[in-house]
1. Sort His234, His372 so the one with the fewest other Cβ atoms within 10 Å of its own Cβ comes first.
2. For Val285, enumerate residues with amide H under 5 Å from its amide H, sequence gap 5+ or separate chain, H modeled in the peptide plane.
3. Provide the per-residue ³J(HN,Hα) series for region 479-495, in order, calculated from phi with Karplus coefficients 6.51, -1.76, 1.60 and θ = phi - 60°, each as a whole number of Hz, with x at glycine and proline positions.
4. Can you list the HN-Hα couplings for region 571-577, worked out from phi with the Karplus curve (6.51, -1.76, 1.60; θ = phi - 60°), rounded to whole Hz and with x for Gly and Pro?
5. So how do 219-226, 263-270 stack up, highest first, on mean other-Cβ count within 10 Å?
6. In sequence order, what are the phi-derived ³J(HN,Hα) couplings for region 515-520 according to the Karplus relation 6.51 cos²θ - 1.76 cosθ + 1.60 with θ = phi - 60°, rounded to whole Hz, with x for glycine and proline?
7. Please go through region 394-501 and write out the chymotrypsin sites (Phe, Trp or Tyr not before Pro) that DSSP classes as loop and that have at most 11 other C-beta atoms within 10 Å.
8. Kindly rank 383-392, 208-217 from highest to lowest mean number of other beta carbons found within 10 Å of each residue.
Amino acid sequence: MHSKKTRSSKTRGTLAAIASFVLSFACVSSLGAQQTPKQRRDSIAHADSAKRAMGAMPGMGGIQSPKQAKTPSKSAPKRSASPAMPGMKMSPRDSSAGAKTSAPHSQRRIPVKKDTKEMADMAGMSAPRSAHAGEKKMTMRDTGTTKSPMPEMPGMRDTAAMKTMPGKRDSTAMSPMPGMRAGSDTTRMPAMSMVPDPLGVTMERMGSGTTWIPDAVSLPSRRFKAGQWDLMLHAFVFGQYDEQGGPRGGSQIGSLNWAMLMASHTLAGGRFQARTMLSLDPAGVTPRGYPLLLQTGESYHGEALHDRQHPHDFWMELGAMYERPVTRTTGISFYAAPSGEPALGPVAFMHRPSATDNPFAPIGHHWQDATHVSFGVLTAGIFTHEWKLEGSVFNGREPDENRWDFDPIKLDSYSARLSFNPNVRWALSAGYGYLAHPEILSPTESMHRITASAIYGASLGTEGQWAATLVWGANKPSTEPGLSHSILVEAEANLDRRNTLIGRAEFVQKTVGDLVLDTPQFGFAADRSFNVGAVSLGYIRELTQLWHASLGLGAMGTVNAVPSALTTAYGSRAPVGGMVFLRLRAARSPGNVMSGIGGMNSKKPMSDAHE
């Protein structure tokens, strides 16, 4: 502290001496011809005093007095009438001009700024010359026509070698703005936000619940302001015709849909976020859901659903999250939701950038991410910019068949999850959970679930992006001896603003009870399980844009795979299904670059420097 005060005192002394020296020269040059001999002697004495004060300071060499400038020493080399300050170089033209002219100092004029405080503030500063483009350069003019630029003041440098000001960082090495990495491509930066991003973790990184997706890709969304709140809206509406073949298939005209709104605001040094996600699935695909071969999970009218995907509840999510840094590199997070998602599985399928335009739910949904709608969730976590460790207590019971209300809130289950984003293109996670009595039809059965996932995303050309996801999930019911496994690989490629490809491949181990084959008609043992799979491929063509939304026409086909023992139940070993649909969602911005508040598309691919 003492050394800082000493340096500050020396700096102030230097600035004052420089200002005194310049003002003294100005007084001598402007008044010399009109002063009386006594006044002239006093002025010169004042200038000599200032010169001696500067010479006594470190680095301030002997500056010639006016008298010395008139009669230079024969033994000393010739010097310019206005020698450069330490560290300042003079051009050859300036040096020669100084050698040839030896006019009395009283005949020279030095234009100076009227504001001596501004002059003092400039001492020691480094600023680009362009910042003073409107000002005239300080010059020393001879009595003749020769003009010589005055050397720059101590501490001044040419912009090519300019050093940063004390306490300032070089603009080329500035710390990244929230949500940006150093060296990132600023033409692909996230939209500017009034709400700070804790440790650079942006709103756009958020998937479902508290999950993360890669920074290099985005979910179609609209972002806008409402006072001091940052708002982000996600929404999808499908109008589809669904046809599933074979004895267990069916057909339906319906609508899958959901909308999510997130509102963020600063609070106590952190970011508070309120969020809700709503769905009209119960009306769009009926309370029984829509036909989907090999799908299982949940119930309707006291019977287990099979070969159908259940509708989502109207209240898919209603919760709040708070994130706050506690050090420069570490933060804490809290999440509470009457309806929400615990820290257990991967990003829920409709929020994954590899499946946002895919209308079908995975057939391994209840092995991987089915807890994304849980009535009662409390989560706490610790995080950095790259990783996050969370723990949750939550309601392990799956939603009942009444899809319009809130189920009873319980906190009877627990889970933990580790998320890791090593760079902008990857999002990794692994989780474990204990689910108390998840199935309504098996109220005494509990379950252990383990999951792991990897999401990769990158830009595609100038207008597209693509993402791929690998998920492994396993269930261990309390009534069964071992784990049943599921594996999913899926991808989505937004080739440009008009064309999208989607695909998925799955493998799941399902029991006779899961598929509801435990009847005398089939004669299977109750503990038997089967390996089943499905491969899907689809295409979407964007037709038009309406109010920042994009309307697309798409089709998707699926080939399923079942063992020969299930040929009777499904009609063949490769039963097929498909869907044609219209899809309305937020439009993606051209090139995935920021399009401004109120019309933007989340965060964008950044530089490869961080891979």
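1. Numbers: His234 20, His372 26.
With the sparsest Cβ surroundings first, the list reads His234, His372.
2. Answer set, sorted by chain and number: Ser255.
3. 9, 10, x, x, 7, 10, 10, 9, 9, 10, 10, 9, 8, 9, 10, 7, 5
4. x, 6, 7, 9, x, 10, x
5. Values: 219-226: 18.8, 263-270: 15.0.
Output ranking for 219-226, 263-270: 219-226, 263-270.
6. Values per residue, Gly and Pro as x: 8, 6, 10, 8, 10, x Hz.
7. Numbers: sites: Phe394, Trp404, Phe406, Tyr414, Phe420, Trp426, Tyr432, Tyr434, Tyr456, Trp466, Trp472; in loops: Trp404, Phe406.
Of the chymotrypsin sites (Phe, Trp or Tyr not before Pro), the ones in loops of region 394-501 whose Cβ has at most 11 other Cβ atoms within 10 Å are Trp404.
8. On the way: 383-392: 19.1, 208-217: 26.7.
Answer by packing, highest mean first, reads 208-217, 383-392.
Since every read-out is calculated from the coordinates, none of them should be taken as a lab result. In this text the structure is predicted, and so the values were computed from the model without any measurement. Cβ sites come from the backbone with ideal geometry, for glycine too, and all protein chains shown count toward neighbours.
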